[in-house]
Structure formats: structure tokens, C-alpha cells
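Just so it is clear, none of the values below were taken in a lab; they were calculated from the coordinates. Here the structure is a predicted model, which means the values were calculated and not measured. Every residue, glycine as well, gets a Cβ built from its backbone with ideal geometry; the counts of neighbours run over all protein chains shown.
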Amino acid sequence: MIDQIYILPILLFSVVIHEISHGYMALRLGDPTARDMGRLTLNPIPHIDLVGSILVPLFSLFVAGQIFIAWAKPVPVNPMNFSNYRRDDVLVSVVGPLSNIFMALACTICFILVSSLGLLINDPSAIVIQIFDFLLRMFGGGIALNIILAVFNMIPIPPLDGSHVVAAFLPDETADRYRSIGFFGVFIILMLMRWAPFSNLFGLIVGTLITPFHTLIGLFLG
């Protein structure tokens, strides 16, 4: 479990960036709700969800030795402020997973820079080696973590971001029934993740999306 502690800082930062991205896109589309409630901040405290940001990750660490899932408190969005509800709802939704893709790229760049800097240091002390090892683990793990977050959030089951994209293409009445699944959808997703065909497909998509980032590392450090 201790070996997985390095991922916690990047996990917290990643889920905060994910939620801030939703809020900024909503603001650009005419909804200032997140801004007015002080949620467009990198300060993690307003974004922390007791269950999703603390209890679930810690439970996963204690039980399985690694973190499978985590989330921050969703930013408030008032779709009544949108000029085009269906289009704007989709834009606000997809920008979250996209932010995780960009976070994966940022982690890749940081991994390359830290690795390159480490090669320039002659006879580093034990503490320096430990610091570099922690940073490399954090940024290396951050690549996979953010790809997993992006793919997970695009699963088309409420309340995840992917469900908003699906709902935009459904008739109003059907979309309302679909959204009514609400938080119960989390239990559906957890059951699906235990179903081999679904989990294998999930892993295949994640692996495919991670490959370009690992290739980029290989180009600079190979």
C-alpha cells in the first residue's frame, strides 16, 4: 500500500483540474454558477468529496493495494444559463475527460524533464535519489491514472460525463428517463467493471490511449 502513496498528489490534482474544466467551460457558455460559488480554484479543499476523494481511494488502497477510482465534488452547473442546452451540456461534459488527456501529456513532459535532469546529476545523494524516484513514480503513474480517469468518465452511464453526450442525442422524454438513473449508475458501472468482457474492453481502450505517451517518452529517453 505504501508503494502507492506517490499517486495521491497527482490524483488529487487531476480530479480538481477535471472539475475546474467543467466550470470554466460552463462560464464561457454563459453559466457563472461555479465561479460565483468559488469553485474555479486550484485550492483542493472546496473540491474534496468525503466519499470520492478520501474514503473510496483509501479503502481501495487498504483492500487492493492500489487506487481504482476517485472523484471530486462536481462543480455546480445551471443549464438554464446555456443558450443551446444540448450542445452546451455536451461541451461542458467532454471538457472534463479532455482535461485528463492534457494532464497525461503534462505528466509525460514532466517525466521526461525529471529523467533528463536526473541523468545530469553526478553522484546524487540518497535523499536526491529518493526525491527523483518519487517524482518519476508520480508522473509515470499520473499518465496511466489520467487516461483511466478520461476513459472511465466517458462511460455512457449516468452520472458520468459520457452519459451527457448520449442524452443529447435522445428524445427529451427518453433523455429524462435515462438521466433519472442518477447515482445508481455508479453501482451499474462497478458491476460492469467486474464483468470480464467489459473490463477487457476498458483495459484495451486505456492501453491504446497510453501508447502514444509512452512512445513520446521513448523518443526522448530511449
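Summary table below
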read-out: Mean projected area (nm²) of the alpha-carbon convex hull when region 2-221 is viewed from all directions; value: 13.8 nm²
read-out: Overall Cα dimensions of region 79-122, principal axis frame, Å, largest first; value: 60, 13, 8
read-out: Protection-proxy order for peptides 107-113, 211-217, 81-87, each taking the mean of Cβ atoms within 10 Å per residue, highest first; value: 107-113, 211-217, 81-87
read-out: Computed lengthening from Gln130 to Ile205, 0.36 nm per intervening residue step minus Cα-Cα distance; value: 23.7 nm
read-out: ³J(HN,Hα), Karplus 6.51/-1.76/1.60, whole Hz, each residue of region 195-208, x for Gly, Pro; value: 8, 3, x, 6, 5, 5, 5, 4, x, 5, 5, 4, x, 5
read-out: Nearest 10 degrees, 0 to 90: helix 126-153 Cα axis against the chain principal axis; value: 20 degrees
